[in-house]
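Participant: First, the structure itself, so that you have it in front of you.
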Amino acid sequence: MLESRCRVLMVVSLLLLAAGRVLAQPTPPVVPKTVEVQLPPPVELPPPDKMPEGVTTAPIAADEAAAIALYNQPAVTVAGAGIEAARGRTAQVRSGLKPTVGVSAAVNASEVSGAPAGSSGGAPSHYQLEASVEQLIYDYNHTRDLVKQSLEQEKAATAALTTVQGDLVLSVKQAFYGLLEAQRLVTVAESNVRNQQQHLALAQARLTSGLGLPYDVVRAQTAYTDAVYGLTVSRNRASQARVALAEMMGLDPRTPLVPAESVEPPPATEVVGEMVNQAQQQRPEVLRAEAAIRAAEFAVSAARTVNSPAVVGSLGMTRRGDDFFPSTNVTTLGVELQWTPFDAGFTRGRVQEAEANLAAARAQLDAVRLQMTGEVSQAYLDLKTAEQRAVTAETEVTNAREAVRLAEGRYRAGLGVFIDVLDAQTALDVANINQVNAQTAVEQARAALEHSTGAGLARLRAVMGERK
């Protein structure tokens, strides 16, 4: 009986041992059904047939891009034409203070009807040549006030040109650093593609060895596809930013601009009050508003003398006769008084309008000064915030890289799950993007602060003058 039980136990043991050996054999990995994605090549915009004058394919800095824009942007030409138009108006008004010369010639032929027989039946032709000179002698400074008003309007037009130039410099720099940011984000996207490709290879290797899961491969392939998609979008944004910068610079939008690594100089002072005072003294908007006030003051003065008496002197010479060249000379010398003592309220209305314009010009100056203070304050806050973001973003990148290293190590050792690797890589990609955005924000904020104080255009001209 005991012997039979021993035999049964032996048979059971052998069966269990055989089953254990079968179970110990590795299970063939399950290959997931995924679709591999191919990294597409960058989309290139064909360049123009001829490069714009003064532009090469060499990398350009932010200051160089702004200088090119000042030379090529049509908006600058339009503002410059405004100055010429103002000068033309001044010349028209100033002509009232200068002598005017008039010349005329006439010939009259006559015929006598019903003349007696034997007569010629006609009359000789009559010739006349006239020349006159007129000069304003005195009009209670009405014309002089109009000239002074026009001269102040010239100054306002010049300040308007400077405003356009300063705004253009800021816009170009914002676009320039936008392109630089877009290209840096392309680099970040390319790095993310390489990292996700390495994670996919790691997940496939773990699956092949029997230690990984098919789901990890699927997640890795999905993350890699998403990275390729993000790279394609980043490349397009960089191309669009290049087109926008070229257009802002007044160039053919297809121009293949290559931005060089550039940085804006830090502000000359950290005291906001000094920045505000500098803006009040240097900003062309303030200068333009002050010129508009002076022009309005002269307009009021001129309006008050619209119906004042005006004394005009004249000198005339006339030659008359039946033959050409006429032989009879007539010389006239005269003084004319021009006065409209009753103008039905026209002068009163003109004065009322001019005084209202003066009040509006003074209020506009206050508004401009208030705007300047606001722009300086906002630019200062943006710069300080951007600098803080840059420091934080650098720390974020350092920590995110360490998280990726630890997640990959744990997964290789079989102590972690693959989702931790993907989460860590996503956090690193976000950190890199934040760092690029923060760096760009610092440069753009510095450019905006320099523009708000009115120093940007002057510094650019000084820098480009030194380079020449």
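Participant: For region 19-70: of the residues being of a type in the set (D, E, K, R) and assigned to a loop (DSSP other than H, G, I, E, B), which is modelled with the lowest pLDDT?
Facilitator: 33
Participant: Hey, another quick one. When you scan region 191-198, do you find a residue that is within 30 Å of residue 295 (Cβ to Cβ) and assigned to a helix (DSSP H, G or I), even just one?
Facilitator: No, region 191-198 contains no residue that is within 30 Å of residue 295 (Cβ to Cβ) and assigned to a helix (DSSP H, G or I).
Participant: Another question about this same structure. Checking residue 240 against (1) modelled with pLDDT under 95; (2) within 16 Å of the chain's Cα centre (by Cα); (3) surrounded by fewer than 19 Cβ atoms within 10 Å (Cβ to Cβ), which test does it fail?
Facilitator: Answer for residue 240: the failing condition is (1).
Participant: Tell me, which residue of region 199-211 that is surrounded by fewer than 15 Cβ atoms within 10 Å (Cβ to Cβ) and of a type in the set (S, T, N, Q) is farthest from residue 413 (Cα to Cα)?
Facilitator: If we take residues in region 199-211 being surrounded by fewer than 15 Cβ atoms within 10 Å (Cβ to Cβ) and of a type in the set (S, T, N, Q), then 208 is farthest from residue 413 (Cα to Cα).
Participant: Is it the case that region 362-370 has a residue that's touching a residue at least 40 places away in the same chain (Cβ under 8 Å), under 30 Å from residue 222 (Cβ atoms) and of a type in the set (A, V, I, L, M)?
Facilitator: No, every residue in region 362-370 fails to be touching a residue at least 40 places away in the same chain (Cβ under 8 Å), under 30 Å from residue 222 (Cβ atoms) and of a type in the set (A, V, I, L, M).
Participant: Can you go through 370, 333, 337, 381 and tell me which one is in contact with a Ser or Thr (Cβ under 8 Å, 6 or more places away or on another chain), surrounded by fewer than 16 Cβ atoms within 10 Å (Cβ to Cβ) and not acidic (Asp, Glu)?
Facilitator: So the residue among 370, 333, 337, 381 that is in contact with a Ser or Thr (Cβ under 8 Å, 6 or more places away or on another chain), surrounded by fewer than 16 Cβ atoms within 10 Å (Cβ to Cβ) and not acidic (Asp, Glu) is 333.
Participant: Evaluate the following for residue 413: is it modelled with pLDDT of 90 or more and of a type in the set (Gly, Ala, Ser)?
Facilitator: no
Participant: Ok, one more. Please give the number of the condition residue 94 fails out of (1) open to solvent by less than 80 Å² (accessible area, probe 1.4 Å); (2) modelled with pLDDT of 90 or more.
Facilitator: The failed condition is (1).
Participant: If only one of 179, 170, 146 is out of contact with any Ser or Thr (no Cβ under 7 Å at 6 or more places or on another chain), open to solvent by less than 30 Å² (accessible area, probe 1.4 Å) and assigned to a helix (DSSP H, G or I), which one is it?
Facilitator: Answer to the check: 179.
So that you can scan it fast, the table gives a plain yes or no per residue for (1) in a loop (DSSP other than H, G, I, E, B); (2) open to solvent by less than 50 Å² (accessible area, probe 1.4 Å); (3) at pLDDT 95 or above:
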site	(1), (2), (3)
252	yes, yes, no
255	yes, yes, no
261	yes, no, no
280	no, yes, no
293	no, yes, yes
305	yes, yes, no
308	yes, yes, no
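Participant: Separate question: Tell me which residues, restricted to region 401-441, are under 39 Å from the mean Cα position of the chain (by Cα), open to solvent by less than 20 Å² (accessible area, probe 1.4 Å) and in contact (Cβ under 8 Å) with a residue 60 or more places away in the chain.
Facilitator: 425, 428, 436, 440
Participant: Let me ask another. Go through region 263-278 and count every residue that is out of contact with any Leu (no Cβ under 9 Å at 6 or more places or on another chain) and assigned to a helix (DSSP H, G or I).
Facilitator: 6
Participant: Another question about this same structure. Quick one: count up the residues across region 149-167 that are farther than 17 Å from residue 78 by Cβ and open to solvent by less than 50 Å² (accessible area, probe 1.4 Å).
Facilitator: 3
Participant: When the residues of region 340-367 are narrowed to those that are more than 17 Å from residue 308 (Cβ to Cβ) and acidic (Asp, Glu), which ends up surrounded by the most Cβ atoms within 10 Å (Cβ to Cβ)?
Facilitator: 355
Participant: Sticking with this one: Please work out which residue is nearest to residue 36 (Cα to Cα), limiting yourself to region 186-198 and to residues that are open to solvent by 40 Å² or more (accessible area, probe 1.4 Å) and in contact with a helix residue (DSSP H, G or I) (Cβ under 7 Å, 6 or more places away or on another chain).
Facilitator: 197
Participant: Moving on. Considering only residues of region 390-400 that are open to solvent by 10 Å² or more (accessible area, probe 1.4 Å) and touching a residue at least 40 places away in the same chain (Cβ under 8 Å), which is farthest from residue 187 (Cα to Cα)?
Facilitator: For region 390-400, the residue satisfying everything is 392.
Participant: Of all residues in region 120-143, which are under 17 Å from residue 338 (Cα atoms) and either at pLDDT below 85 or in a helix (DSSP H, G or I) (or both)?
Facilitator: Across region 120-143, the qualifying residues are 142, 143.
Participant: Moving on. Within region 317-328, can one find any residue that is over 27 Å from residue 147 (Cβ atoms), assigned to a strand (DSSP E or B) and free of Cβ contacts under 8 Å to residues at least 60 places away in the same chain?
Facilitator: yes
Participant: Follow-up. Just one of 75, 117, 85 is more than 30 Å from residue 320 (Cβ to Cβ) and modelled with pLDDT of 95 or more; which is it?
Facilitator: Result of the check over 75, 117, 85: 85.
Participant: Which one of these is out of contact with any Pro (no Cβ under 8 Å at 6 or more places or on another chain), under 30 Å from residue 301 (Cβ atoms) and among the β-branched types (Val, Ile, Thr): 351, 421, 376?
Facilitator: Residue meeting the stated conditions: 351.
The values are calculated or read from the model by the stated rules, or taken from the named source; none is laboratory data. Keep in mind it's a predicted model, so treat the numbers as computed, not measured. Note that we place each Cβ from the backbone using ideal geometry, even for glycine, and neighbour counts take in every protein chain shown. SASA here: full protein model, heavy atoms, side chains in, ligands and nucleic acids out. Shrake-Rupley method; radii C 1.70, N 1.55, O 1.52, S 1.80 Å.
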